[in-house]
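Single-structure report; data block below.
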Amino acid sequence: MGYNCKLMLCICSVALILARVSSATSGRDIRGFIDEYNKARAAVGVCPIKCNEAIARYAQSYADVRSRDCAMEHSMGSYGENIASGEGMAGAAAVKYWVTEKEFYDYNQNKCVYGECGHYLAVIWSKSTYVGCTTSLCTNGQTFIVCDYDPSEIGGEHSY
């Protein structure tokens, strides 16, 4: 009986470790994030954004916290930030989702009209030169996505 319990504990531990490792953001996912960011930025004449490992580690740390509940709450850290969640959502899909808010931004008035566009604005912030994006698998099966920007357009305060 004791042997079976130890074996079961070992199997469960390995499963938990594998689940944790599988939630790490892949290189392909990171490339998807950056490609979508730079498509949106190029469309409005903003310089490309680059991935920053330190910012990505910060984002991963927060995504891991949110993996327990997948709550749509911001980290309230020193970076600008976009978050998303969804079943099977990948990085590129999250950025594409944020960019759909473009239709609510009026360039002439430099403001959002007829709806929310703050996530889109964070994607195209001209002052932001670095981004750190990551995903984490939540206990409810959804993927939690975090992208943090530096510098943020609003002086390092919390953003969209």
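Work from the charge dipole of the range 41-160 (Cβ charges, +1 for Lys and Arg, -1 for Asp and Glu, about the Cα centre) and give the residue of Leu121, Gly86, Met72 farthest towards its positive end.
Leu121
Where the centre of each part is set by its Cα atoms, how far does the range 110-154 sit from the range 41-85, in angstrom?
Centre-to-centre (Cα) distance: 6 Å.
Trypsin sites (Lys or Arg not before Pro), restricted to the range 67-152: which are DSSP loop and have at most 16 other Cβ atoms within 10 Å?
Those satisfying the criteria are Arg68, Lys127.
Taking K and R as +1 and D and E as -1, what net charge do the other residues with C-beta under 14 Å from the C-beta of Asn38 add up to?
With Lys, Arg at +1 and Asp, Glu at -1, the net is +3.
Could you give each residue of the range 70-81 its phi-based ³J(HN,Hα) in whole Hz, using Karplus coefficients 6.51, -1.76, 1.60 with θ = phi - 60°, and x for Gly or Pro?
6, 5, 7, 10, 7, 6, 6, x, 8, 9, x, 8
By a straight-distance test (C-alpha under 12 Å), which aspartates and glutamates pair with Lys39 as possible cross-link partners, with residues fewer than eight away in the same chain excluded?
none
Taken together, the values in this text are just the output of simple stated rules run on the coordinates, not laboratory data. Being a predicted model, the structure only gives us computed values, none of them experimental. For neighbour counting, all protein chains shown are included, and Cβ atoms are generated from backbone atoms with ideal geometry for every residue, glycine included.
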